[in-house]
Structures are given as structure tokens and as C-alpha cells.
1. Return the pair list, or none, for Cβ contacts closer than 7 Å from residues in the range A:40-53 that are closer than 14 Å to A:Y29 by Cβ and open to solvent by 20 Å² or more (accessible area, probe 1.4 Å) to residues that are of a type in the set (A, V, I, L, M, F, W, C) and not in a helix (DSSP H, G or I), at least 6 apart or on different chains.
2. Scan the range A:466-489 for residues that are more than 9 Å from RNA strand B (Cβ to nearest atom) and touching a helix residue (DSSP H, G or I) at 6+ places or on another chain (Cβ under 6 Å) and jot them down.
3. Can you tell me how many residues in the range A:415-466 are touching a residue at least 40 places away in the same chain (Cβ under 8 Å) and within 30 Å of A:Q58 (Cβ to Cβ)?
4. Go through the range A:377-415 residue by residue and tally those that are within 14 Å of RNA strand B (Cβ to nearest atom), among the charged types (D, E, K, R) and in a helix (DSSP H, G or I).
5. If I filter the range A:440-448 for residues that are hydroxyl-bearing (S, T, Y), in a helix (DSSP H, G or I) and away from RNA strand B (no atom under 11 Å from the Cβ), do I get at least one hit?
6. Answer with yes or no whether A:V53 is β-branched (V, I, T), within 16 Å of RNA strand B (Cβ to nearest atom) and at pLDDT below 85.
7. If you scan the range A:359-375, which residues turn out to be of a type in the set (V, I, T) and either closer than 17 Å to A:N4 by Cβ or not assigned by TED's automatic domain parsing to the domain that holds A:A321 (or both)?
8. How many residues does the range A:174-196 hold that are closer than 23 Å to A:V154 by Cβ and at pLDDT 65 or above?
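The values are calculated or read from the model by the stated rules, or taken from the named source; none is laboratory data. Predicted model only: the values in this text are computed from it and were never measured. FYI the Cβ positions are ideal-geometry reconstructions off the backbone, even for glycines, and counts take in every protein chain you see. Heavy atoms of the whole protein, side chains included, go into the accessibility calculation; ligands, DNA and RNA do not. Shrake-Rupley method; radii C 1.70, N 1.55, O 1.52, S 1.80 Å.
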Amino acid sequence: MKQNLKIYNTLARRKEDFEPIKPPHVGMYVCGPTVYGDAHLGHARPAITFDLVFRYLQYIGYKVRYVRNITDVGHLVDDADAGEDKIGKKARLEQLEPMEIVQYYTNRYHNDMDKLNVLRPSIEPHASGHIIEQIEMAKKIMENGYAYEKNGSVYFDVSKYDESNDYGVLSGRKVDEMLSATRELEGQEEKNNPADFALWKKASTEHIMRWPSPWSDGFPGWHIECSVMGAKYLGEQFDIHGGGMDLLFPHHESEIAQSVAANGKQPVKYWMHNNMITLNGQKMGKSLGNAVSLEDFFEGSQKLIEKPYSPMTIRFFILQAHYRSTLDFSNEALQAAEKGIKRLFQAMETLDKLPASDKSTVNIEELRGKCFETMNDDFNSPGLIAQLFDGVKIINSVKEKKESLTESDITELKSTYNDFVFDVLGLKQEETKDDNKLVEDLMQTILGIRQNARTNKDYATSDLIRDNLAKIHIQIKDTKDGAEWSFLD
RNA sequence: GGUACCGUAGCCAAGUGGUUAGGCGGUGGUCUGCAAAACCAUAGACAGCGGUUCGAAUCCGCUCGGUACCUCCA
């Protein structure tokens, strides 16, 4: 089952052969959500991207430990609220305990991700549960001479680090250029240097979330949780670190610097970054005020959303673009995805009932091989989907007796679709409303009456039945094998 | 301004030196009492200008346009 997988490594800026440090084990760390609000489309993209990676690595035989953190400490609301903790602020607004907010939004995040059929990670550590480790790492960095204390806060000394290491190895930035380009900002005066970043931050009096440390009552800096939890659960060096492209700098760059400063090793072999989802060409983000929550998509309850889109439509839509490309949202594109996934599933139902022949006129082995080949090329899910649609044509042609397949080829085709559609892409058939037995029996009665009318060429009656059913969103389809019906959305 | 990435048909989106990507929509057809649905077939493209090459959407340069990051937001 050994596959020749290639991964685009941001560190190298090219695709590289994937060779885990300790096969068959793979360690993967992905930056998770900050739980102070509902998940929007922008959260779905990294979750689904790395779910695909997680699924495919397992499918081709690796044993993967997937760590995705929950960020629940020490993050500021915006410039206007400088010094205030995001979660702390919301807590006071709503008169709730900070950890209550964390729990509430964590539950909602899980719920949304479950709907999207995103597998839960192997370990989901909370930043707030690793305060001690974060303090220890900050101490270690200080001992190694790469950090300094100022008024109860601890800062990473970027220029010192850059003397013997490369701060910019990931993002391609140069420290001197950054220094000259940095603007005047508030709260910088404590730092020796504007490029320095906090490892520990002293809490102001109104700051709710705080922990004791050797330096002050405060909270950890904004990059150190990932360095700490990655090393704790995956080791000081592990295989894959993922996250959105927006995290590349300064978050991931700083993570590397912290880990190297503390442990003297490059922490990660392959850095993977998914691109953003845009709305009218602009990044979707809470801070931009154009974020549409996943709930809004599922319910259709937002002015930009013309109709409800099911979780699987969203998932399929995201998988139809390569993870490193930007993906522009629109109702038209989403509706195209909705029809596309329906066509795929319909073909899979046809596949289940396909008649076998003595010989095959189509090469199924080749199709299966192409599916692997495409996925091995940096998880090219849109390419895989295109292969599967080529297969849809084959399936339909066999049904129409234009092509034929042997029993064993049909079995192989079925397992190919099951494996790639369900296990790798993580798509699933959604519950339909038409599984109610009473409704089904009533509909059969109605369709029976309509069929009688049609046999008697009483088209006025048959069309009346069809039109009235259409008014209550039930669609009649007259096929060769009799009438079928389904609910319209 | 700096760093990185990107501009592919009406829309979404792969590919990346020479053979139809794919989906939606369009058009034509099959089926049907009619329709719808489904299925089959099909047209239409590589931002612009130069260069390299037998050959470029694909490589190089420039121009134009777009996005992200450069913030004690994670």
C-alpha cells in the first residue's frame, strides 16, 4: 500500500517526497480555533483540508496522531481594546465565566465540524491546560539567552536569535527589512525591538484570565502554546504542521524560533498551509465583519445566502478547490457543487445495481490508479473528484449497455468509490426526509391513482396531481420503470 | 513601500512545454401524452505585451489587475 506521496512544503517552497521521521507513525499538528465565537466558512477550510490529509494518510496505511489545539487564553479583541482578553471581554459582556464561554463555543465548534463530517483529532489540547509547560518553555528560552524580562512580561529577542539562526526561514522575510517597515504602534515601548514578541504578558488589573508565573500574574504569549503542545504530544521534531496561510507570519515563524531557541532543533519537517476563502474577493474573517457562520449556511439564514446549503454541499465545495488555492464563495458556485455531489451519489446508487458481463470494455484498474496518483500529488482533491466524475460517465454507460464490466471489475469499482468518496473525501449521504413509512405509503397510493389516470389518458387529472404536489415541494418524475417522487429543498 | 501568492471559457475550478481536466450553466439529442428529472453528446479558455523554443496557457522579463501577511488578532 506504499504510495509515492508528495507534499508541498512551505519551508522548501516546493513539493517534496513525504518521508515520515518514524514510519509508519506520522505526527501532525494543526492550529485550531479560538473559541470565542461561532465557526464560519473560514474555519471550515483548514478543518476540512487537514481532515483530508488525516484521512488519506490513514488510508494509505500510516498511523497518524493528529493534534489540533483549542485556543482559549490571552488574546486581545482589537487595537481599541488593547490589554483585554478576547475571552475575558465576552465573559463580562454576557456575565459568564470565561471557561463557560470556552466550553459553549467549543461544543458548538464540535457540532459544526461533526456536521461537516470532520473527524475529531487524536488529541485536542487546550492552551489553558498547558500554562505550566508554557512557563517552563519561556524559562528555557531565557536561560538560553533568547528572551528578556521587562516589567513582568517576557519577550523573545528576535535580533539575537537571528544572529545565529534564520528568523524568516519560513516566510522569506528579513529581520532588518521588517524593522525598517514596522510602524509606530502602542504597547511597543517595553520591547527592545519592535520585531520582538511576547512569551509571557503581564495582565492588567481588569484582565480576567490570568495565571501566576515567576514574572507576574499574567498569560502566555500568542505563539507559545503551539510550540509547547506540539512538542509535548508529538515530540521536539514531528512530521507535519498545518494551518491557514494567514498564520504563516508571524505565528508559525515565531513558533519555529521559539522551538529552536528552546530545544535547538527545527520542530517540523513539513509545513502545510491552506489558502483562504474569499467572499466577493475578500478574505472572510470575523474581524472584517463579512464572516458568514456555518450555521447561516446550513439554515440559509443570512442575507448573502440565497438558500440553505447542506454540510456536505459545503464540504464538497471546499474539496472541489485545491487547498493551496483561494476559493471564492458565491451562491452560483455553491449551487453548482450541490448539483455535482447529487450526480456523484446518484451514480453510486446506479453502481450498486449494475449488471455484470463476461468482459470489461473499460479499464477500472487504470481509473483506480489515477485516483491514487492524483491524491499523491499534494492531496489534489479537485483532481480526484474529476476522476470520479469520469467514472460516473462509465457507470452510466454500463447501465445504458454502451459499455460493460465484469463482476470483479464492478466490485473493484464499488470499493474504489467507497474508499475515495466516503473514507478519503469524507463525503456521506445525507439523511433525507422521505424515509417516513406513512408518507411513502401515501405517496404510493397517490402515484397509483395518477398512473390510472394516465393509463386512461385522463391527463387533466394526472397533471393536477403533479401540479398540486409540486406546490408542496414534492417532485414527480416519470421514468421508464414507473413514477418516482422526491422532496425538493 | 516590503514579503509571498495568484490572474484559465457565463460561473466555480484542475493542469503546467506537444494528447478532451472536471462540475454548474448553454446548445443538441435520448426518454416522455406533455413536462420535469435523469442520461448521452457538444461548443467555448488560458490578463496584456515582448522573449526563449521546432512547439508555451505552461519557462523568462515587463505591464496591468487581485489577494494575504507585514498588529500585543489567533
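1. Close Cβ pairs (under 7 Å, with a partner that is of a type in the set (A, V, I, L, M, F, W, C) and not in a helix (DSSP H, G or I)) amount to A:P46/A:V30.
2. Hits for the range A:466-489 are A:W485, A:F487.
3. Adding up the residues that qualify gives 14.
4. Summing the residues that are within 14 Å of RNA strand B (Cβ to nearest atom), among the charged types (D, E, K, R) and in a helix (DSSP H, G or I) in the range A:377-415 gives 3.
5. The answer is yes, given that some residue of the range A:440-448 is hydroxyl-bearing (S, T, Y), in a helix (DSSP H, G or I) and away from RNA strand B (no atom under 11 Å from the Cβ).
6. So A:V53 fails the test.
7. A:T374 - this is the single residue of the range A:359-375 that is of a type in the set (V, I, T) and either closer than 17 Å to A:N4 by Cβ or not assigned by TED's automatic domain parsing to the domain that holds A:A321 (or both).
8. Result for the range A:174-196: 11.
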